[in-house]
Amino acid sequence: MLAALLLAAAVPGAQPYRLLGQGAPDFTLRATSGTNFRLAEYRGRVVVLAFWGSRCGQCGAQLGAVNRAVNTYQSAGLEALAVNVDDDPVAAARFAVAHPVGFPVLLDPGKQVGRAYRVDNLPMLLLVDRGGTIRWAARDYKSDSEAAYLAQVRTLLDE
Amino acid sequence: MKHSSPLPALLLALLAPLAAIAAEPAATETPAATPPAVAAPAAPAAAAGAAATPDTRALDEEIQSIKKDAVDLNRDLFVLEEELLFPANTQVAVFLSMDVGDFFALDTVELRIDDKQVAKHLYTPREAEALLKGGVQRLYLGNLKVGNHEVVALFSGKGPQGQDYTRGATVKFEKSVGAKYLELKISDRQAKHQPEFEIRDWE
């Protein structure tokens, strides 16, 4: 029992996400395109925040899933921002070129936004509702994760 | 061969005056120009609506009053918080404004006071557009003691030919007792086809 608890405490993503139900911290970051994007400007729309790194094995698959959802639900009010937390912006840009998506890919080399959102595992996916509250979090990505994530997206879009 | 019976039409003709009589009281309550035969079935619903309206209106007025109280309270608390955190005798505020902007597309402003970075802001296209439309942004609000101080502002963006462009502006000022307001102003110098950056006392 104790061993299981210790293991749960040691595995990133095993504990409940602390910011769930709280207001999403606002930020402005520069995208790989050179344009700056601010989260607060998306108020009134459901936003997917996808934190990723270029050395993360599942990040490409997750970004692809988010891209599919945005293509389908953008007209209903879904937006996405991918936030890269690499130290090296060049590696991030290279990864972004290899995995093209139709939404802004933001760079957070100083990791201020990563710290504000308590990113402890990659890939990490957050859903922010139309009022700016973090409503759902996933701190890993498996093959069956997409269905659960899409169900949450639909629920938030219907609100 | 099928014959249509005249009985339903006859019953309808007989019942129509009765329906009109039944509808008369309702018609006096709601002087709408609806035919009595139509008003008759709507009368109970209209009466129910008329009974519910004053209650709903009172509730709505109460909600609006509570909302207004909440907004007033929030404003008072905001003013109180600012007065406590930034007392008038030490308060320093720095504002940013833009004029025209043909020769400079704003991207970042970094503000340093006495060689210490106190603010850095990345501007989205919407924010830059708001500034160009006459908006003024409060970039920094803080406290400074009485004496001499130096403010340095670094502006980054795209220059007249779309190239990366960074310029700085510096001002030394003496802080006396009382609030100090400074303005960072970005404007176009038409004669030189260059942007101009200045820091001046808020007027």
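One line per residue, one yes/no per condition, for (1) over 26 Å from residue B:123 (Cα atoms); (2) surrounded by fewer than 21 Cβ atoms within 10 Å (Cβ to Cβ):
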site	(1), (2)
A:29	no, no
A:32	no, yes
A:35	no, yes
A:49	no, no
A:52	no, no
A:57	yes, yes
A:64	yes, yes
A:68	yes, yes
Being within 11 Å of chain A (Cβ to nearest Cβ) and more than 23 Å from the chain's Cα centre (by Cα) is the filter here, so list the residues in the stretch B:106-137 that pass it. B:106, B:107, B:108, B:120
How many of the residues in the stretch B:149-178 are among the hydrophobic types (A, V, I, L, M, F, W, C), touching a strand residue (DSSP E or B) at 6+ places or on another chain (Cβ under 6 Å) and not in a strand (DSSP E or B)? 0
Among the residues of the stretch A:55-90, the number that are in contact with a Gly (Cβ under 9 Å, 6 or more places away or on another chain) and part of a helix (DSSP H, G or I) is 5
Considering the stretch A:26-54 alone, what residues qualify as being closer than 30 Å to residue B:162 by Cα, more than 14 Å from chain B (Cβ to nearest Cβ) and in a strand (DSSP E or B)? none
Can you name the residue in the stretch B:138-148 that is in contact (Cβ under 8 Å) with a residue 40 or more places away in the chain, more than 14 Å from every other protein chain (Cβ to nearest Cβ) and in a strand (DSSP E or B) and, of all such residues, is nearest to residue B:104 (Cα to Cα)? B:138
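Farther than 17 Å from residue B:201 by Cβ, more than 24 Å from the chain's Cα centre (by Cα) and away from chain A (no Cβ under 12 Å): does that describe residue B:158? Full working, then the answer.
Working: farther than 17 Å from residue B:201 by Cβ: yes; more than 24 Å from the chain's Cα centre (by Cα): yes; away from chain A (no Cβ under 12 Å): no.
Here the answer is no, as residue B:158 does not meet what is asked.
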Among (1) within 26 Å of residue A:90 (Cβ to Cβ); (2) assigned to a helix (DSSP H, G or I); (3) of a type in the set (Val, Ile, Thr) - the single one residue A:153 does not satisfy: (1)
Would a scan of the stretch B:104-117 turn up a residue that is of a type in the set (Asp, Glu), assigned to a helix (DSSP H, G or I) and crowded, with 17+ Cβ neighbours inside 10 Å? no
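Looking at the stretch A:73-80, is at least one residue closer than 27 Å to residue B:122 by Cβ and touching a residue at least 40 places away in the same chain (Cβ under 8 Å)? Outline the logic, then answer.
Quick first cut of the stretch A:73-80, residues closer than 27 Å to residue B:122 by Cβ only: A:74, A:77-80.
Pick out the ones that are also touching a residue at least 40 places away in the same chain (Cβ under 8 Å) and you get A:77-78.
Yes.
Answer with yes or no whether residue A:102 is of a type in the set (Gly, Ala, Ser) and in a loop (DSSP other than H, G, I, E, B).
Working: of a type in the set (Gly, Ala, Ser): yes; in a loop (DSSP other than H, G, I, E, B): yes.
In short, yes.
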Every residue in the stretch B:86-117 that is over 25 Å from residue B:187 (Cβ atoms) and touching a residue at least 24 places away in the same chain (Cβ under 8 Å), please. B:86, B:87, B:88, B:89, B:90, B:91, B:114, B:115
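Against the condition surrounded by fewer than 14 Cβ atoms within 10 Å (Cβ to Cβ), within 14 Å of another protein chain (Cβ to nearest Cβ), at pLDDT 90 or above and more than 20 Å from residue A:122 (Cβ to Cβ), how does residue A:23 come out, does it pass?
On the way: surrounded by fewer than 14 Cβ atoms within 10 Å (Cβ to Cβ): yes; within 14 Å of another protein chain (Cβ to nearest Cβ): no; at pLDDT 90 or above: yes; more than 20 Å from residue A:122 (Cβ to Cβ): yes.
The answer is no for residue A:23.
The values are calculated or read from the model by the stated rules, or taken from the named source; none is laboratory data. From a predicted model like this one, the values you see are computed outputs, not experimental measurements. Positions of Cβ are backbone-derived with ideal geometry, glycine not excepted, and every protein chain shown enters the neighbour counts.
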